[in-house]
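As structure tokens, the structure follows; a few thoughts come after it.
The values are calculated or read from the model by the stated rules, or taken from the named source; none is laboratory data. This one's a predicted model, so the numbers in the text were calculated from it and none came from an experiment. All Cβ positions, even for glycine, are placed from backbone atoms using ideal geometry, and neighbour counts span all protein chains on display. Remember, those area values only see protein heavy atoms, side chains included, never the ligands or the DNA or RNA. Shrake-Rupley method; radii C 1.70, N 1.55, O 1.52, S 1.80 Å.
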Amino acid sequence: KSSCIISFFFFLFDKRMASQADTPIAEAHNASAKKNVRPPVPETLRKMIQARRESRARLHIIKERVALRRKEMRKIVIRRAEKYHNEYKARERHLVTERRRAKRNGAFFREPEAKLALVVRIRGINGVDPRTKKILQLLRLRQINNAVFVKLNGATANMLRLVEPYVAFGTPNLKTVRELIYKRGFAKIGGQRIAITDNWLIEKKLKKFNVVCIEDVIHEILTVGPHFKEVNKFLWPFKLNCPRGGFSNKKKHFQEGGDAGNREFKINELVQKMN
């Protein structure tokens, strides 16, 4: 009798469990379990995701290298700027000492010959003969108020003498060279006029000449270094404004009260008005 009762209870328990299996809660649980099973990823999509991950990793490595290189270059630029600053001060101090010594001994001090000239075009080409026009093109002075640096030698001196009525030129100082390059400096890259906003542009074009920053460019131009030609060609001709107060007389020579011709160190005053 007891065994019959136990078997009856087991029968009721199995029936109750079977009825619960068909309830909405159980069905929802089974459906959610089926949803959690992810469908297989297509092979092309998997390869695309893997390629993007590898690309991000490579880009991260490149960014780290660029940041490290910029940090190193910043130290190099600071060291070179300090070196050039000391060099300029020593040269100026030497000139002052020699002038004082000559004055003390009752002699004359002969200033060192200029190796660099800054040429500014002040007139147009109306009524200009072909030879003069060609020389202005060779000097890269194609527009009025354009300015370029020129290395002084026998050939360039003759060229400047022939185009003297159309240009004003003289010997620039450190301040003029630095302000021109910093304020009006543009690079010629791929035939385009690109503003020099980063030392990376200079390093990319002139690294093989050991010129990697703007201070290197200034030093190479001012001292007329061994790579003056490449650095000067890298710079686009400077586009200046009309001078404050205007020109006095473009058709007369500077020694006659005009503006054309050689004005030696007075060129710095003119460029200050035009910059």
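Couple of notes before you dig in:
- Whole-percent carbon and sulfur share, accessible surface of the chain, 1.4 Å: 56 percent
- In Å², nearest 10: area of ILE194 left accessible to a 1.4 Å probe: 50 Å²
- Rolling a 1.4 angstrom probe over the protein heavy atoms with all chains in place gives segment 129-169 an accessible area of 52 Å² per residue.
- Of GLN255, GLN143, GLN50, the one that fluctuates the most in a GNM where the chain has Cα springs shorter than 10 Å: GLN50
- Averaging the sequence gap over all C-alpha pairs within less than 8 Å and six or more residues apart, then dividing by the number of residues, gives segment 197-275 a relative contact order of 18 percent.
- Under 15 Å from LYS183, Cα to Cα: aspartates and glutamates that are on another chain or at least 8 residues apart: ASP198, GLU215
- Hits among lysines - C-alpha to C-alpha of LYS47 under 27 Å, sequence gap 8 or more where chains match: LYS34, LYS35, LYS63
- Mean Cβ count within 10 Å, highest first, over the residues of peptides 183-189, 152-158, 195-201: 183-189, 195-201, 152-158
- For segment 148-275, the mean projected area of the C-alpha convex hull, equal to one quarter of the hull surface, is 8.2 nm².
- For the chain, the calculated P(r) over all alpha carbon pairs, in 5 Å bins from 0 to the bin holding the longest distance, is 1, 4, 8, 11, 11, 10, 8, 6, 5, 3, 3, 3, 2, 2, 2, 2, 2, 2, 2, 2, 2, 2, 2, 1, 1, 1, 1, 0, 0, 0 percent.
- Exposure rank, largest accessible area first [VAL66, VAL77, VAL167; 1.4 Å]: VAL66, VAL77, VAL167
- Relative contact order of the chain, pairs being alpha-carbon contacts under 8 Å that are 6 or more residues apart, as %: 18 percent
- Length-normalised contact order of segment 101-243 in % [C-alpha pairs under 8 Å, at least 6 apart]: 27 percent
- Reach of LYS115 by Cα under 22 Å, taken over lysines that are not fewer than 8 positions away in the same chain: LYS83, LYS89, LYS151, LYS175, LYS229, LYS233, LYS266
- Exposure ranking of SER248, SER55 by accessible area [1.4 Å probe, largest first]: SER248, SER55
- Estimated dipole of segment 153-275 in Debye, rounded to 20 [Cβ of Lys and Arg +1, of Asp and Glu -1, Cα centre]: 360 debye
- Loop-located chymotrypsin sites (Phe, Trp or Tyr not before Pro) across segment 32-119 with a Cβ neighbour count of 10 or fewer within 10 Å are PHE108, with loop assigned by DSSP.
- More than 28 angstrom apart: percent of Cα pairs within segment 29-172: 64 percent
- Total charge dipole magnitude, the chain, about the Cα centre, Cβ charges on Lys, Arg, Asp, Glu only, Debye to nearest 20: 400 debye
- Farthest toward positive dipole pole in segment 108-198 [+1 Lys/Arg, -1 Asp/Glu at C-beta], among LEU116, LEU136, ALA168: LEU136
- Helix-only arithmetic for the chain: the sum of -39500 (n - 2.57) across DSSP H runs with n ≥ 4, divided by the residue total, places the mean residue ellipticity at 222 nm at -18500 deg cm²/dmol.
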